[in-house]
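Asks: Here it is: the structure, laid out below.
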Amino acid sequence: MTRVIAVLLTLLALPFALAGLVLAIGALAALVITLRVGAANPPAGPFVTITGGRLATLQDGPANGPPVVLLHGASANASDPMEGIGRRLAAQGFRVIAFDRPGFGWSDRIAGGDAAAPSVQAGMIAEALNRMGVGPAVVFGHSWAGALALALALDHPERVSALALAAPVAMPMPDRMPDLPWYWRFAIKPPVAWVLSRTIGPPIARRFLPEAARRVFKPQPAQADYPDLARSDLVLRPETLLANVQDLLGLSRALAAQSPRYGRIHIPTLVISGEADPIVRADAQAVPLARAIPGARLVLLPGIGHMLQYVAAERVTEEIIRLAAATSATGSEPAVAH
């Protein structure tokens, strides 16, 4: 009887032992990936110290040029918009400042999980711009950062002269959490997500990174040099993986709270999106957003997908230059009507 009990206990313990082994191997792989990615993609621009930590930037263009601030979307970093349109704008005489959002690239995840709210990140960006003596500036936000750019204009109008919202996520969307399988709902619980991000998360993400790039570029083919230009491997590090999950899961609630205020924005605003974007559909986001902001100019690019700052870089750059000219013509006005 004792032997039977021992066998049963061994069988019961086996799955836990195997799970522990997998997590241990994953933790080692995550450490190796983190070290290699950090060494291959070191900080490439100055840091800005703010309350609670530092934000990393990439900067280009003349120091006395009209300022343009670039904010990247999910799973990215400052290199994404900088290499897509930032260098082009700098060549046209603009002072271009691209931020690693909190927890991405080399920026600290100040405020932890609370930083998932665009309004919280907007406060950090505004403080950084204030310390740099920058603003009001034309603010460009791609995808997730469309919500961030809007939050910056709503809560810190003194820092924003105009908005360029590219394939923006800004309008309320359904909460898909209840639709997730039970194991996904379990995996995204804060303690579990923390463990997974530091064990099996990085090696799994590394395996699917090329497919993610192909998907986000559709219907255009993924640019072969995009991973190197955008330093996309930086998303594989544990803290960034966790920040990415937190930002995506918290966005629906944040949009429900801030979207009723869009009608109070009264600065030149460009909403530009690809008509063929399968990631952020223009009819669900860009079109209603342009209607919600008084005087916003809507530009829809036929046949273009989500990565318009790359596949339509010249057109996006031209539109931002046009927006900046309109801002100069109208003079400095508050971003929000109080």
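The values are calculated or read from the model by the stated rules, or taken from the named source; none is laboratory data. Keep in mind it's a predicted model, so treat the numbers as computed, not measured. Glycine gets a Cβ as well: all are built from the backbone with ideal geometry, and neighbour counts include every protein chain shown. Just so you know, the surface numbers come from the protein's heavy atoms only, side chains and all, with ligands and any DNA or RNA stripped out. Shrake-Rupley method; radii C 1.70, N 1.55, O 1.52, S 1.80 Å.
Asks: Choose one answer from Thr240, Thr51, Thr34: the residue with the largest mean-square fluctuation in a GNM of the chain with alpha-carbon springs under 10 Å.
Replies: Of the options given, Thr51 has the highest mean-square fluctuation.
Asks: Just to be sure I understand: with springs between alpha-carbon atoms less than 10 Å apart, which residue in Leu71, Leu229, Leu251 has the highest mean-square fluctuation in the Gaussian network model of the chain?
Replies: Leu229
Asks: Still on this structure, please answer the following. Be a star and scan the stretch 138-162 for residues whose amide nitrogen sits under 19 Å from the point 7 Å along the Cα-to-Cβ vector of Met173.
Replies: Once the point is set 7 Å along Cα→Cβ of Met173, 141-152 turn out to lie under 19 Å by backbone N, inside the stretch 138-162.
Asks: Would you list Asp225, Asp100 from the most to the least accessible area, probe 1.4 Å? Intermediate results must be reported in sequence, preceding the final value.
Replies: Working: Asp225 75, Asp100 10 Å².
Largest to smallest exposure gives the sequence Asp225, Asp100.
Asks: Can you classify the chain as rounded, prolate or oblate using the Cα gyration tensor, where a ≥ b ≥ c are the square roots of its eigenvalues, rounded means a/c under 1.5, and otherwise it's prolate if a/b beats b/c and oblate if not?
Replies: Numbers: a/c = 2.03, a/b = 1.86, b/c = 1.09.
It is prolate, given that a/c is not under 1.5 and a/b is the larger ratio.
Asks: Mean-square fluctuation check for the chain, GNM, Cα pairs under 10 Å: which of Ala147, Ala313, Ala44 is largest?
Replies: Of the options given, Ala44 has the highest mean-square fluctuation.
Asks: Once ligands and nucleic acids are excluded and a 1.4 Å probe is used, how much of Ser143 is accessible, expressed in Å² to the nearest 10?
Replies: Looks like 20 Å² after rounding.
Asks: With point charges of +1 on the Cβ of Lys and Arg and -1 on the Cβ of Asp and Glu, referenced to the Cα centre of the stretch 193-291, which listed residue (Leu229, Gln258, Val280) lies farthest in the positive direction of the dipole?
Replies: Gln258
Asks: What size of dipole, in debye to the nearest 20, comes out for the chain about its Cα centre when the only charges are +1 on Lys and Arg C-beta atoms and -1 on Asp and Glu C-beta atoms? Before the final figure, lay out each step's value.
Replies: Values: 29 positive and 24 negative charges, 129 e Å.
So the dipole magnitude of the chain works out to roughly 620 debye.
Asks: Further question: Taking a probe of 1.4 angstrom, what is the accessible area of Trp194 in Å², to the nearest 10?
Replies: Ignoring ligands and nucleic acids, Trp194 comes out at about 130 Å².
Asks: Pull up the DSSP beta bridges for the chain and report the antiparallel fraction as a percent, rounded to 5. Kindly include the intermediate steps, with their values, before the conclusion.
Replies: On the way: 9 of 33 bridges.
Antiparallel bridges: around 25 percent, rounded to the nearest 5.
Asks: Please list the non-local residues whose amide H lies under 5 Å from the amide H of Arg54, H modeled 1.01 Å from N, same-chain partners needing a gap of 5 or more.
Replies: Asp108
Asks: Tell me which DSSP H helices of the chain clear both cut-offs, 20 Å or more of axial length from alpha-carbon atoms and a mean Kyte-Doolittle hydropathy of at least 1.0. Write down the numbers at each step before the final one.
Replies: Details: long enough: 2-40 (56 Å, 2.13); 118-132 (21 Å, 0.26); 201-217 (23 Å, -0.19); 238-258 (29 Å, 0.41); 313-330 (26 Å, 0.20).
Passing helices, by number: 2-40.
Asks: If R0 is 41 Å, what FRET efficiency do you get for Glu211 and Arg297 from their C-beta distance, rounded to 0.05? Could the numbers behind the result be given before it?
Replies: Values: r = 35 Å, r/R0 = 0.85.
Using R0 = 41 Å, I get an efficiency of 0.75.
Asks: Helix-only estimate, please: 222 nm mean residue ellipticity of the chain, summing -39500 (n - 2.57) across DSSP H runs of length 4 or more and dividing by its residues, to the nearest 500. Walk me through the numbers before you get to the answer.
Replies: Details: 12 runs with 155 residues, N = 338.
Helix-only estimate at 222 nm: -14500 deg cm²/dmol.
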